[in-house]
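Below is one structure, written out as structure tokens, with a few remarks after it.
The values are calculated or read from the model by the stated rules, or taken from the named source; none is laboratory data. Note that this is a predicted model, so its numbers are computed, not measured. Heads up, the Cβs are rebuilt from the backbone with ideal geometry, glycines too, and the neighbour counts pull from every protein chain shown. These accessible areas exclude ligands, DNA and RNA; they are computed on the full protein's heavy atoms, side chains included. Shrake-Rupley method; radii C 1.70, N 1.55, O 1.52, S 1.80 Å.
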There are 2 protein chains.
Amino acid sequence: MSTPSVSNDIEEGLALKPKFDAAGLLTCVATDAGTGEVLMVAHMNEEALRKTIASGEVWYFSRSRNALWRKGETSGHVQRVVEMRTDCDQDAIWIRVEQSGGACHTGRRSCFYRMIGRTEDGGARLSFVDAKRQFDPNAVYRK
Amino acid sequence: MSTPSVSNDIEEGLALKPKFDAAGLLTCVATDAGTGEVLMVAHMNEEALRKTIASGEVWYFSRSRNALWRKGETSGHVQRVVEMRTDCDQDAIWIRVEQSGGACHTGRRSCFYRMIGRTEDGGARLSFVDAKRQFDPNAVYRK
């Protein structure tokens, strides 16, 4: 009998064995469970992952604020977990969510409100797409 | 007149100004342009981003192999760009692609073939979902 390799265990096993990076984080992609739209990309540490699984509401770890963060705790725009998945090497999480209001701190539904286009000279140019604001960030975050 | 802040320029401007991390990388999410399914999460350096925009085929930077990598160059399972977007702070890319074959090196359509479920004692347990193999990785990668 052959001994299952570590790789097989991580890739084909049924135990959650998250592979945190050097900073103790996983990359998380949140998509709208209804439309499939990517809402945001953020990070989770071990505690954020545990709280998300336990509560059914999404917690992240903010690298800029170096703090655990329940999505929507300031804005009220929480994310309810519909389904969570992990990837082959267990260093990324995909969460399908019900998003209240908007996911982006700029007031948009998604953080991905600009398309990358190619210019005639081979360069890149952005254009707004699905960029309508769902809320006024100055009011919500009291800047 | 007020002077636009750097933040406004990055978040509200139309110039692509990617914010690479300390390792020179952006996080990229590839979704199936037809179904919205998240296929994979990977990274791009400046050259991978430039080649992807120029060619319409997706290039990544492999952290494990420390090398530029045209998706599908070994397996033939290329990703054709349907739409590219950047996020508010320009440190992540969302690409909607036409994926030939499967995106995952294990042979599945998506790397996210396991769902995270909650056990009665509050722990986590994985279960396979959409995990049918599209190809035999041992044949494709000649392991």
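Summary for residue B:141: label point 7 Å along Cα→Cβ; distances to the equivalent points in the other copies, ascending, 4.0 nm.
In µm²/s, what is D for the protein assembly as shown at 20 °C and 1.002 mPa s, where D = kT/(6 pi eta Rh) by Stokes-Einstein and Rh is the Kirkwood radius from Cα pairs? Let's see the in-between values first.
Values: Rh = 19.7 Å.
After rounding, the answer is 109 µm²/s.
Of B:74, B:27, B:119, the residue with the greatest mean-square motion in the GNM of chain B, using alpha carbon springs below 10 Å, is B:119. Taking each of A:51/B:132; B:19/B:51; B:17/B:51 in turn, the alpha-carbon distance tops 22 angstrom for A:51/B:132. Rounded to the nearest 10 degrees, the inclination of helix A:46-55 to the longest alpha-carbon principal axis of chain A is 80 degrees. All Cα-Cα distances of chain A, cut into 5 Å bins from zero to the largest, leave 2, 9, 16, 18, 17, 13, 10, 7, 4, 2, 1, 0, 0 percent in each bin in turn. At a probe radius of 1.4 angstrom, the accessible area of the stretch A:8-104 per residue rounds to 39 square angstrom.
Label points for residue A:129 are taken 7 Å from Cα along Cα→Cβ. From this copy to the others they lie 2.7 nm apart, shortest first.
If I take the rotation axis that carries chain A onto chain B, which residue of chain A has the nearest beta-carbon, and at how many angstrom? Looking at chain A's Cβ atoms against the axis toward B, the nearest is A:36, 1. If you build a Gaussian network model of chain B, linking Cα atoms that sit under 10 Å apart, which residue out of B:79, B:99, B:90 swings the most? So, out of B:79, B:99, B:90, the one fluctuating most is B:90. Which of B:83, B:12, B:57 ends up with the largest GNM mean-square fluctuation for chain B, with Cα atoms connected below 10 Å? It is B:12.
Excluding ligands, DNA and RNA, what is the accessible area buried between chains A and B, summed over both sides, using a 1.4 Å probe, to the nearest 100 Å²?
On the way: alone 9220 and 9190 Å², together 14080 Å².
The summed interface area works out to 4300 Å².
With label points defined 7 Å past Cα in the direction of Cβ, position residue B:23 shows copy-to-copy spacings of 1.2 nm, given to one decimal and shortest first.
Extension gain for the segment residue B:82 to residue B:141, taken as residue separation times 0.36 nm less the Cα-Cα distance, is 18.6 nm to one decimal.
Entry note, chain A: relative contact order of 20 percent, from Cα contacts under 8 Å with a spacing of 6+ residues.
Please identify the trypsin sites (Lys or Arg not before Pro) of the stretch B:109-140 that satisfy two criteria: DSSP loop assignment and at most 13 other Cβ atoms within 10 Å. Which are they? Present the calculation step by step, with values, prior to reporting the outcome.
On the way: sites: B:109, B:114, B:118, B:125, B:132, B:133; in loops: B:109, B:132.
Listed in order of number, the matching sites are B:132.
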